[in-house]
Amino acid sequence: MSYTTRVTGEFTIAPPLTWNEIKNSPFEPIGRGTYGAVDIDLTLRIDESSVDTDEGTLVRRTGTALVMRQIDEYRARGLVEQVQRCLDLFPGHTFTGRLECEGEENTDLWRVVIRDGRAVRVEPRIVWPDEEGHDA
């Protein structure tokens, strides 16, 4: 058994990705992307809406968020790099939010956030309150 990491959260995407942007992406959820989604742990959340046209009702698919795939024993290797790969693949879109990561040890907490267009791993700092104003 290997060390696993639980990942929650998401990055919302504005404006949403169009189907033309999504369909050949490695982050496309069905895995039809031409880039080979085998090594990708993240996926796009796809929203569908019906649109009435002269030809009939059509389904419009848009990518509204970047989320984790369902993985039973996730190891979180390369997670930051995968988020960055998605950012680089879709310029002109804003990704907002974060991924919360929690390992098996109670002190193994970290986040993936986006700062200035770059995916960054952020680890918390433990800060003890002053002991009645005295330095220890």
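Restricting attention to the range 97-108, the residues being in contact (Cβ under 8 Å) with a residue 24 or more places away in the chain and either surrounded by fewer than 12 Cβ atoms within 10 Å (Cβ to Cβ) or within 21 Å of N24 (Cβ to Cβ) (or both) number 1.
Against the definition (closer than 14 Å to I40 by Cβ, under 13 Å from the mean Cα position of the chain (by Cα) and among the basic types (K, R)), how does R77 come out, yes or no? Break it down stepwise before answering.
Working: closer than 14 Å to I40 by Cβ: yes; under 13 Å from the mean Cα position of the chain (by Cα): no; among the basic types (K, R): yes.
Criteria not met by R77.
Scanning the range 109-136 for residues that are modelled with pLDDT of 80 or more and part of a strand (DSSP E or B) returns L109, W110, R111, V112, V113, I114, R115, R118, A119, V120, R121, V122.
On the given criteria, is E28 at pLDDT 85 or above, crowded, with 18+ Cβ neighbours inside 10 Å and of a type in the set (D, E, K, R)?
Working: at pLDDT 85 or above: yes; crowded, with 18+ Cβ neighbours inside 10 Å: yes; of a type in the set (D, E, K, R): yes.
Here the answer is yes, as E28 does meet what is asked.
Residue pairs whose Cβ atoms lie under 9 Å apart, sitting 6 or more positions apart in sequence or on different chains, and linking a residue in the range 77-88 that is open to solvent by less than 30 Å² (accessible area, probe 1.4 Å) to a partner that is among the aromatic types (F, W, Y), are Q82/F27; V83/F11; V83/F95; C86/F11; C86/F27; C86/F95; L87/F11; L87/F95. Of the residues making up the range 32-84, those that are among the acidic types (D, E) and at pLDDT below 80 are D39, D72, E73. Which of the residues belonging to the range 62-76 are without any contact (Cβ under 8 Å) to a residue 60 or more places away in the chain and closer than 22 Å to E104 by Cα? Listed by number, the residues that qualify are V67, R69, Q70, I71, D72. Hey, can you tell me all the residues within the range 57-76 that are charged (D, E, K, R) and surrounded by fewer than 14 Cβ atoms within 10 Å (Cβ to Cβ)? The answer is R60, D72, E73, R75.
The lone criterion from (1) farther than 20 Å from L17 by Cβ; (2) surrounded by 10 or more Cβ atoms within 10 Å (Cβ to Cβ) left unmet by D54 is number (2).
The values are calculated or read from the model by the stated rules, or taken from the named source; none is laboratory data. Keep in mind that what you see is a predicted model, and the values were worked out from it rather than measured. Cβ: placed from backbone, ideal geometry, glycine included. Neighbour counts: every protein chain shown. Heads up: the accessible areas ignore ligands, DNA and RNA and are worked out on the full protein's heavy atoms, side chains in. Shrake-Rupley method; radii C 1.70, N 1.55, O 1.52, S 1.80 Å.
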